[in-house]
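**Q** I have a structure I would like to understand better, so I am pasting it below and will then ask my questions one at a time.
The values are calculated or read from the model by the stated rules, or taken from the named source; none is laboratory data. The model shown is predicted, which means the values in this text are computed figures rather than measured ones. Cβ: placed from backbone, ideal geometry, glycine included. Neighbour counts: every protein chain shown. Remember, those area values only see protein heavy atoms, side chains included, never the ligands or the DNA or RNA. Shrake-Rupley method; radii C 1.70, N 1.55, O 1.52, S 1.80 Å.
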Amino acid sequence: MKKLVIATHNPGKLKEFLTLLAPLGFEVTSSGELGLPEPEETADTFPGNARIKALAAAKASGLPALADDSGLSVAALGGGPGVFSARYAAGDYASAFARIIEAAKAADDWRAWFTCALCLAQPDGGSATYIGQAYGRIADAPRGAGGFGYDPLFIPDGHEQSYAELGSAVKDKISHRAQAIAQLKAVLGAG
Ligand code: IMP
């Protein structure tokens, strides 16, 4: 079985990756499990940061590595927090939700979208990056307890419930991360 490192220390992301990658039949491990250090995310784009994380894990482990850089963009914040989503919340999602709702209310603009840049890197430095996006709107209050990060705040187009309420069975079919992985699967011939 081919080995693959998931370059993340985020348990929410790792859980989604394990489900989404299961059909590909890799023996999956994570950078957290291998005790690899987390590189600094010095790029200001999703693909740039995904590549930094994937390459660092591939080089340190000697195995192919997959990383994503992802985040929520809010129209009322000019597309922010975007690549700074984790830093915008700084662990306090209740406060981040309140700040985003306030901005959406003030601008009367509730549009939002998630982006996932997914990078597959090889120990020799080769890499390929795929982008997935999911469009929707900000909920007027956080809803649901499932998922992670901004899941309670985001209602994807075509739905009336947040990612957190919809749960993984629905989210894993439509999410930004699922769409990026679908491209990777197509390239790997795993449809
Ligand atoms: P990263 O680890 O620098 O890519 O940080 C991404 C951050 O964006 C996460 O910590 C979450 O705050 C947010 N994020 C990315 N994807 C999702 C998702 O699927 N649901 C909720 N929040 C997400």
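**Q** PRE reach from ARG87 (point 7 Å along Cα→Cβ): which of region 25-43 fall under 19 Å by backbone N?
**A** 38-43
**Q** OK, next. Multiplying the sequence separation of GLN122 and ALA94 by 0.36 nm and subtracting their Cα-Cα distance, what value in nm do you get? List each step's numbers first, then the result.
**A** On the way: separation 28, 0.36 × 28 = 10.08 nm, distance 3.79 nm.
Stretched out fully, the GLN122 to ALA94 stretch lengthens by 6.3 nm.
**Q** Sticking with this one: Helix 46-61 versus the longest principal axis of the chain: what angle, 0 to 90°, nearest 10, using Cα atoms?
**A** That works out to roughly 30 degrees.
**Q** Full-extension gain between LYS15 and LEU34, please, as 0.36 nm times their residue separation minus the C-alpha to C-alpha distance.
**A** 5.2 nm
**Q** Working out 0.36 nm times the residue gap between ASP44 and GLN161, then minus their Cα-Cα distance, what length gain in nm do you get to one decimal?
**A** So the extension gain works out to 39.0 nm.
**Q** For the ranges 66-74, 13-21, what's the packing order if you count other beta-carbon atoms within 10 Å of each residue, average per peptide, and put the highest first?
**A** Peptide ranking by packing, descending: 66-74, 13-21.
**Q** Tell me what the chain gives for mean residue ellipticity at 222 nm when only DSSP H runs of n ≥ 4 count, each as -39,500 (n - 2.57), the sum divided by the residue total, rounded to 500 deg cm²/dmol.
**A** -12000 deg cm²/dmol
**Q** Keeping all protein chains in place, calculate the accessible area per residue for the chain (probe 1.4 angstrom), answer in Å².
**A** The answer is 47 Å² per residue.
**Q** So how far, in whole Å, is the C-alpha centre of region 66-113 from the one of region 144-162?
**A** 13 Å
**Q** Further question: Could you give the nm distance between label points at TYR135 and LYS185, where each point is 7 Å from its Cα heading toward the beta carbon?
**A** 2.3 nm
**Q** Over region 2-188, what is the relative contact order in whole percent, taking alpha-carbon pairs under 8 Å and six or more residues apart?
**A** Once normalised by length, the contact order is 19 percent.
**Q** Nearest 0.05, what FRET efficiency do ARG111 and LEU24 give at R0 = 35 Å with Cβ-Cβ as r? Kindly include the intermediate steps, with their values, before the conclusion.
**A** Details: r = 33 Å, r/R0 = 0.95.
Approximately 0.55, to the nearest 0.05.
**Q** Please determine, in degrees from 0 to 90 and to the nearest 10, the orientation of helix 93-107 with respect to the longest principal axis defined by the Cα atoms of the chain, where the helix direction is its Cα long axis.
**A** So the helix axis and the longest Cα principal axis differ by about 50 degrees.
**Q** How high is the relative contact order of region 2-112? Use alpha-carbon pairs under 8 Å, at least six apart in sequence, and give a whole percent.
**A** Details: 144 pairs, mean separation 26.1, N = 111.
24 percent.
**Q** If I fit a long axis through the Cα atoms of helix 163-174 and take the longest principal axis of the Cα atoms of the chain, what angle between them do I get, 0 to 90°, rounded to 10?
**A** 40 degrees
**Q** Where the accessible area of the chain is counted over protein heavy atoms with a 1.4 Å probe, how much of it, in %, is carbon and sulfur?
**A** Heavy-atom surface of the chain belonging to carbon and sulfur, 1.4 Å probe: 54 percent.
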